[in-house]
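J.: Got a structure here, written out as structure tokens. Questions coming.
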């Protein structure tokens, strides 16, 4: 394990590497961490791998952003121009998949940072085929700027960082944000992950459930829980905000993982007060048009408000009473934590253990089966019919989430990032 010194050598103390700074919980976590550690005098840099992606969040003052650019030349395996770059990428990916399928055990024993033999060379070729120009550009930046520490977030970014920093003196931490036993990735990424993660100084998860899934994937240098930080939220003012609020809200990317189609399917089944409560969706994504069409077909468009992505979700949380997240799989969604910190009762599914680590059924929220609109509608109707129960659950949720404020989590983050 490489433990760098906290010295002013002109090199950055910490890089936080993500695919982009668009909407997403990992992006919010990275910005919270960047702002926090920069405020304590560290030289922090944000790095993104997808050029031109819209930035959805306000960047912290004084923290530079390095956006890796688009490729401007053909790959070296383009074979004299006889194949397009896409065809060559596809060919190498196929060969690499076959290579890993038949020689996984042989690779596991021979792929290590100090190796220079055939296994290591094949691994490098396969890595470039999998991560492409992002790998090459990131490795170039690692070699030229030599950051002391790197925290990578999200699986493909984690793999790319591991391979780019393979033999470089960088303290590397990777963060898994979803349950790998449920998350579907292309086969080549699934097979590369346990090999690439051998380079990480610390492999982390943001929930105990994800940590358990990672334990079965390989022998890591260090495996650790790294909870999402959540800076303290001021207490709601008396007679304002959630104290008198009504309505359901979900803050999420509009993707199948979040199960928002299940939420819309539940709306025609609502009864009592719940049938009159507005339902607000805050977020954007590829499922937007399909979800709007579903609401139109079910005749619930008037009850549903689709606001798109908003950089200030706390404003809309304060106007609602119940947060609904009918996910099909999760790690630890930051939107859920923010809703609990805002004092909302919550409804989550039993699909992944992450949310169940903070939501105590019947105390701080309700838990329903995944992909079950009838059960979801019943839970929504129950809470809407009992405002006092909503308030009690919201207060319990807020108390539970206080343990994720920075004073409690900073020692752990510093230990994992080798900052202490």
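The values are calculated or read from the model by the stated rules, or taken from the named source; none is laboratory data. Note that the structure is a prediction, hence the values are computed from the model and not measured. Methodologically, a virtual Cβ is constructed for each residue, glycine included, from the backbone with ideal geometry; neighbour enumeration extends over all protein chains shown.
J.: Given (1) at pLDDT 95 or above; (2) surrounded by 18 or more Cβ atoms within 10 Å (Cβ to Cβ); (3) under 25 Å from the mean Cα position of the chain (by Cα); (4) outside any loop (DSSP other than H, G, I, E, B), where does residue 415 come up short, assuming only one miss?
T.: It is condition (2) that residue 415 fails.
J.: Quick check on residue 364: is it buried (at least 17 other Cβ atoms within 10 Å of the Cβ), touching a residue at least 24 places away in the same chain (Cβ under 8 Å) and out of contact with any helix residue (DSSP H, G or I) (no Cβ under 6 Å at 6 or more places or on another chain)?
T.: On the way: buried (at least 17 other Cβ atoms within 10 Å of the Cβ): yes; touching a residue at least 24 places away in the same chain (Cβ under 8 Å): yes; out of contact with any helix residue (DSSP H, G or I) (no Cβ under 6 Å at 6 or more places or on another chain): no.
So residue 364 does not fit the description; no.
J.: Residue under question is residue 51, and the condition is that it be in a loop (DSSP other than H, G, I, E, B), under 27 Å from residue 166 (Cα atoms) and modelled with pLDDT under 90; does it hold? Let's see the steps before the verdict.
T.: On the way: in a loop (DSSP other than H, G, I, E, B): yes; under 27 Å from residue 166 (Cα atoms): yes; modelled with pLDDT under 90: yes.
It is true that residue 51 is in a loop (DSSP other than H, G, I, E, B), under 27 Å from residue 166 (Cα atoms) and modelled with pLDDT under 90.
J.: While we're looking at this one, here's another question. Could you list, in sequence order, the residues of region 253-271 that are touching a helix residue (DSSP H, G or I) at 6+ places or on another chain (Cβ under 7 Å), part of a helix (DSSP H, G or I) and farther than 11 Å from residue 378 by Cα? Walk me through it before giving the result.
T.: Keep residues of region 253-271 that are touching a helix residue (DSSP H, G or I) at 6+ places or on another chain (Cβ under 7 Å), which gives 254, 260-271.
Imposing the further condition that a residue be part of a helix (DSSP H, G or I) reduces the set to 260-269.
Across region 253-271, the qualifying residues are 260, 261, 262, 263, 264, 265, 268.
J.: I need the full set of residues from region 175-224 which are more than 24 Å from residue 255 (Cα to Cα) and in a strand (DSSP E or B), in order please.
T.: Listed by number, the residues that qualify are 202, 203, 204, 223, 224.
J.: Only one of 409, 382 is farther than 21 Å from residue 249 by Cα and either assigned to a helix (DSSP H, G or I) or touching a strand residue (DSSP E or B) at 6+ places or on another chain (Cβ under 9 Å) (or both); which? Reasoning before the result, please.
T.: On the way: 382 fails: farther than 21 Å from residue 249 by Cα.
Of the residues listed, the single one that is farther than 21 Å from residue 249 by Cα and either assigned to a helix (DSSP H, G or I) or touching a strand residue (DSSP E or B) at 6+ places or on another chain (Cβ under 9 Å) (or both) is 409.
J.: Out of the helices (runs of 4 or more DSSP H) lying entirely within region 272-356, which hold 3 or more residues that are crowded, with 16+ Cβ neighbours inside 10 Å and under 23 Å from the mean Cα position of the chain (by Cα)? Spell out how you get there, then give the answer.
T.: Values: elements: 288-298, 313-317, 334-341, 353-356.
Hits in region 272-356: 313-317, 334-341, 353-356.
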